[in-house]
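Structure first, then comments.
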């Protein structure tokens, strides 16, 4: 077997960092359903809209601001993280 002169590159696993959500970003984000103010949950796992009583998840430090991804706040508090529309 002939060598092509190419070496296999080893891919490094991305390092997980725990970077908090940017304060400026939080100040401009609004609920996509009602345009209301959002509050960051402890642990920075989600953004809650008190007016709509839903939580928008934060995945890989990125807020998922899609109405169809919102989880009812009651369900979120019980540990259920599946959007209501997927059940």
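The set of residues in region 15-33 that are more than 17 Å from residue 69 (Cα to Cα), outside any helix (DSSP H, G or I) and either at pLDDT 85 or above or in contact with a strand residue (DSSP E or B) (Cβ under 8 Å, 6 or more places away or on another chain) (or both) contains only 21.
Just to be sure, is residue 68 part of a helix (DSSP H, G or I) and modelled with pLDDT of 90 or more? Yes. Applying the condition of being under 14 Å from residue 25 (Cβ atoms) and in contact (Cβ under 8 Å) with a residue 12 or more places away in the chain to region 58-81 and asking which residue is surrounded by the fewest Cβ atoms within 10 Å (Cβ to Cβ) yields 61.
Only residues that are in contact with a strand residue (DSSP E or B) (Cβ under 7 Å, 6 or more places away or on another chain) and surrounded by 18 or more Cβ atoms within 10 Å (Cβ to Cβ): list them for region 34-57, please. Selection gives 38, 46, 47, 48, 54, 55, 56, 57.
The values are calculated or read from the model by the stated rules, or taken from the named source; none is laboratory data. Because the structure is a prediction, the values reported are computed rather than measured. When we count neighbours, we look across all protein chains shown, and the Cβ atoms used for this are built from the backbone with ideal geometry, even at glycine.
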